[in-house]
Structure formats: C-alpha cells, structure tokens
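Following: one structure in structure tokens, then a few remarks.
Read-outs: derived from the displayed coordinates by stated rules, not from any lab. Only a predicted model underlies this, so the values are computations on that prediction, with no experimental measurement involved. With ideal geometry, Cβ positions are generated from the backbone for all residues, glycine too; neighbour counts draw on all protein chains shown.
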Amino acid sequence: MGAQESAQLSRPFAAVTAQSHDGPEGSNLNANVLPTIVIVPGLRDHVPEHWQTLLEQKLSNAISVPRMERDKLSRAAWVAALDRTLAAIEGPVILVAHSAGVMITVHWAQGHGRPIHGALLAAPPDFDSPLPEGYPTKDVLRENGWLPTPRARLPFPSIVAASTNDPLGRFERVAELAAAWGSRLVDVGAVGHLNPAAGYGEWTRAEAFIDELTR
C-alpha cells in the first residue's frame, strides 16, 4: 500500500452524526452515539498481529466474539456465540467479519432479528468450491453445518471487501455472493486472504469502511 493510499484511508473513526438508515435495513443512530463494533473472527486461533485483533485493541468501542475452546468447526456453535455476544449489547452494532466470520454472520442473519446497523464482510471464503490443501473439505464443512452457503439478502447494509487473488475465494465467486446478499462490493486489490500471511497486519482501510457504515 503506497503512502498516498495510506493517508487517504487512515482518517480517524468519525463520530456518529444524525444521519441514519431508514426502513427495515439498518437501525437508527442518535447523534453522538457510537455503535459497538463487534469483531467476528474466522476459524483461526488468536493471532496477535491480525488486523482484527489490532482493530479491537485500537477502538475503545470494539469487542470480539470469543473463540471456541471446543466445537471449533461447528457452525451452530459459532452462530450461538455471535448471538450471545449481541444479546449482551444495548444500542447499535456494526459487525466486522473476516473469512469464515463472514459465513458466521450470514448464517446468523438467516434466523435472528436483532437490528444491525451495518456489516463489513472482508475476504469471504467460497465454501462451495474446494479449498486449498490444509483447509476443511466440503464434506467436513457440510457435516459441520456450513453448507449450503446462505444467499438470502441481508436485512442490514453491508460492504463486501473482496481480494482479487484470495486463495480461498475467486473474486468472481465472491462478487456473486455480494450480489445475493445485497452488499456493496469493493475490490480491495491483490491482498491475498487479507491476513498476516498476506502482509496484513494493520489494515487501515477497515476503519474507513466502518466510518462509511456508521454514517
């Protein structure tokens, strides 16, 4: 990422204004009320240098869905963990999901009605296609409740940040999911799976997307 792009994307997290999303999608925000940022991680263990970890540490209004001590591959267990996290929060919420956390989010949205102000869905994997060696097979994903991938329109505004060289999901496939979910698709370039293995680390663009969803 060049210095110019970094400067453009690193503006501070903006205070919430009186603007809001009307109707069934999104919840209204009162002026000067910050939403809670709920980090929805993927299936990885805790990674201190991951951009989601760094974001949670940076933003005072951010919390994370706890990672699984057991049933780590259980979609139902992850969805229940997200639901428990949301049930403990009063007021507006913005979800920040990465990788399998995107799938946790869309599965949760199929059966729960808690209002969500918006969601950043970063580098969603294509579970309907074979994943690289070392990742769960389609049979394992199906046995653990991840398949089929939900394709219903999400009941809240969302942004899908898609990589052009993600080994876990071709851009064209991710674009199809974004269209089905009613998400705004953003091409974030050749960022791999947007994880430390791909050089991220801090990803300042996440804050710009959160800022957009907040307004």
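Kirkwood analysis of the stretch 168-215, using all unique Cα-Cα pairs, places the hydrodynamic radius at 12.2 Å. Top mean-square fluctuation among 124, 157, 66, Gaussian network model of the chain, C-alpha springs under 10 Å? Among 124, 157, 66, the largest mean-square fluctuation in the Gaussian network model of the chain belongs to 66. Taking one quarter of the surface of the C-alpha convex hull of the stretch 56-215 gives a mean projected area of 9.1 nm². Taking a ≥ b ≥ c as the square roots of the Cα gyration tensor eigenvalues, with a/c under 1.5 meaning rounded and otherwise prolate when a/b beats b/c, else oblate, which class fits the stretch 81-136? Prolate, since a/c reaches 1.5 and a/b exceeds b/c. Among the GluC sites (Glu not before Pro) in the stretch 42-134, those located in a DSSP loop and surrounded by at most 13 other Cβ atoms within 10 Å of their own Cβ are 49, 69, 90, 133.
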